[in-house]
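Student: One structure, as structure tokens, below. Some questions next.
The values are calculated or read from the model by the stated rules, or taken from the named source; none is laboratory data. What you see is a predicted model; the values in this text were computed from it and never measured. Note that each Cβ is placed from the backbone with ideal geometry, even for glycine, and that neighbours are counted across all protein chains shown. Areas reflect the complete protein model, heavy atoms only, side chains present, ligands, DNA and RNA absent. Shrake-Rupley method; radii C 1.70, N 1.55, O 1.52, S 1.80 Å.
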Amino acid sequence: MSRALRFAPLVLLVILLAGLIWRLATPTDTVVTSKMEGKRLPAFVLPAMLPGKPALSSQDLAAGQPRLVNFFASWCVPCIAEAPVLQQLKQRGVAIEGIAVRDRPEDVAAFLARNGDPYQRIGSDAQSRVQIALGSSGVPESFVIDGRGVIRYQHIGAIKPADVALIMRQLEQAR
Amino acid sequence: MRRLAILLLLFLAQPLLADSNLPPADWANRQLPDPAQEAQAQALMAEIRCLVCQGQSIADSDADLAGDMRDLVRRRIAAGDKPAAIRGWLVQRYGSWISYRPTAEPAAWPLWLAPFALLVAGAWLLRRRIRLRAPR
């Protein structure tokens, strides 16, 4: 066996170790993005989550003006951090629609009483069906839907104060 | 003192991924009455990746969302949908990432070629060894 070939296992080991160290140092991105951006919103009809608050259907989201659809839940901790920012967007004239994922009316009512209610309508997505239909993988997540009912932008995770400008820009572009 | 400190620290613990208070969806943990349909659903669920516990299939995961996806798969199979159509519907939403079954995409070519490359390498090594041992 030639001398060079004798070191082949060692070289392989070094390559393997380098690969392992590289992956440990820079873990793969675990964020799952929706492939529905640019596509038409799937048709859905959700029942109302709260009495006195309108229900939400896909038809409400193709009414001429861009809207922000926010997936949230009373059991979701980052949603509490997001609430004041949504309130801020509402004050700037953004139409925000809520989809409460796997939630109960009394819990949602308590959540909104504590953190404020920025929503025009709230649909109840008890089996995450609309969430899956939109390619969303958790709460909170927000989608910009243009006036024709096309999904224009997906925001994964809580909308932070620094993201307000981005959301406003996306809504403007969807106009 | 130390015990008290640990006890107090326990109150600080917050669940990172909170789960909802709702019970699991209808078909999340229940088998379809038709064994053939249930077998189809099981085979598909074992090949769909959970969005929450990303190393697991939805058949293995305890996450709420995985339960809702099992519900979706069983519901559609019961309604007569083909497993390939359900897989396609999910891939359309989440990309080929959601399916564990390797595809014919260029990114997967090394995976298909690896067994043949290893076979060739093995045959070459074996040939060398036999040649070295053989008396001249």
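Student: Check the stretch B:82-89 and report whether any residue there is out of contact with any helix residue (DSSP H, G or I) (no Cβ under 9 Å at 6 or more places or on another chain), surrounded by fewer than 18 Cβ atoms within 10 Å (Cβ to Cβ) and under 27 Å from B:ASP19 (Cα atoms).
Tutor: Among the residues of the stretch B:82-89, not one is out of contact with any helix residue (DSSP H, G or I) (no Cβ under 9 Å at 6 or more places or on another chain), surrounded by fewer than 18 Cβ atoms within 10 Å (Cβ to Cβ) and under 27 Å from B:ASP19 (Cα atoms), which makes the answer no.
Student: Does B:ARG101 satisfy the condition of being under 24 Å from A:ALA8 (Cα atoms) and open to solvent by 20 Å² or more (accessible area, probe 1.4 Å)?
Tutor: no
Student: Please pick out the residue among B:LEU72, B:LEU51, B:LEU44 that is within 14 Å of chain A (Cβ to nearest Cβ), part of a helix (DSSP H, G or I) and of a type outside the set (Ser, Thr, Tyr).
Tutor: One residue alone meets the criteria, B:LEU72.
Student: Assuming B:ARG70 fulfils every condition listed in (1) of a type in the set (Lys, Arg); (2) within 30 Å of A:VAL108 (Cβ to Cβ); (3) open to solvent by 40 Å² or more (accessible area, probe 1.4 Å) apart from one, which condition is it?
Tutor: (3)
Student: Of all residues in the stretch A:95-128, which are among the charged types (D, E, K, R) and assigned to a strand (DSSP E or B)?
Tutor: Listed by number, the residues that qualify are A:GLU97, A:ASP125.
Student: Hey, another quick one. Given the condition among the β-branched types (Val, Ile, Thr), in a strand (DSSP E or B) and over 25 Å from A:ALA110 (Cβ atoms), answer yes or no: does some residue in the stretch A:39-48 qualify?
Tutor: Looking for residues that are among the β-branched types (Val, Ile, Thr), in a strand (DSSP E or B) and over 25 Å from A:ALA110 (Cβ atoms), one finds at least one in the stretch A:39-48, hence yes.
Student: Determine if the stretch A:14-26 includes at least one residue that is modelled with pLDDT under 95, open to solvent by less than 30 Å² (accessible area, probe 1.4 Å) and within 28 Å of A:ALA158 (Cβ to Cβ).
Tutor: no
Student: Okay, next question. With the structure loaded, tell me whether A:VAL32 is in contact with a Leu (Cβ under 6 Å, 6 or more places away or on another chain), under 17 Å from A:PHE143 (Cα atoms) and either within 14 Å of chain B (Cβ to nearest Cβ) or not in a loop (DSSP other than H, G, I, E, B) (or both) or whether it fails that test.
Tutor: Numbers: in contact with a Leu (Cβ under 6 Å, 6 or more places away or on another chain): yes; under 17 Å from A:PHE143 (Cα atoms): yes; either within 14 Å of chain B (Cβ to nearest Cβ) or not in a loop (DSSP other than H, G, I, E, B) (or both): yes.
Criteria met by A:VAL32.
Student: Then there's this: If a residue has to be under 24 Å from A:ALA63 (Cα atoms), within 13 Å of chain B (Cβ to nearest Cβ) and among the polar types (S, T, N, Q) to count, how many in the stretch A:134-167 make the cut?
Tutor: 2
Student: Go through the stretch A:50-94 residue by residue and tally those that are part of a loop (DSSP other than H, G, I, E, B) and either open to solvent by 10 Å² or more (accessible area, probe 1.4 Å) or away from chain B (no Cβ under 14 Å) (or both).
Tutor: Number satisfying all stated conditions: 16.
Student: Let me ask another. In the stretch A:107-133, what residues are away from chain B (no Cβ under 14 Å), touching a strand residue (DSSP E or B) at 6+ places or on another chain (Cβ under 8 Å) and not basic (Lys, Arg)?
Tutor: Restricting attention to the stretch A:107-133, the residues satisfying the condition of being away from chain B (no Cβ under 14 Å) are A:112-123.
Then keep just the ones that are touching a strand residue (DSSP E or B) at 6+ places or on another chain (Cβ under 8 Å); that gives A:118-123.
A:PRO118, A:TYR119, A:GLN120, A:ILE122, A:GLY123, listed by residue number.
Student: Could you tell me whether B:SER61 is open to solvent by less than 40 Å² (accessible area, probe 1.4 Å), within 14 Å of another protein chain (Cβ to nearest Cβ), closer than 27 Å to A:GLY38 by Cβ and out of contact with any His (no Cβ under 6 Å at 6 or more places or on another chain)?
Tutor: Numbers: open to solvent by less than 40 Å² (accessible area, probe 1.4 Å): yes; within 14 Å of another protein chain (Cβ to nearest Cβ): yes; closer than 27 Å to A:GLY38 by Cβ: no; out of contact with any His (no Cβ under 6 Å at 6 or more places or on another chain): yes.
For B:SER61, the condition - open to solvent by less than 40 Å² (accessible area, probe 1.4 Å), within 14 Å of another protein chain (Cβ to nearest Cβ), closer than 27 Å to A:GLY38 by Cβ and out of contact with any His (no Cβ under 6 Å at 6 or more places or on another chain) - is not met.
Student: Sticking with this one: Name the one entry in A:VAL130, A:VAL139 that is under 14 Å from the mean Cα position of the chain (by Cα) and open to solvent by less than 30 Å² (accessible area, probe 1.4 Å).
Tutor: Every option except A:VAL130 fails the conditions.
Student: For the stretch B:32-45, how many residues are in contact (Cβ under 8 Å) with a residue 40 or more places away in the chain and either polar (S, T, N, Q) or open to solvent by 40 Å² or more (accessible area, probe 1.4 Å) (or both)?
Tutor: Qualifying residue count, the stretch B:32-45: 4.
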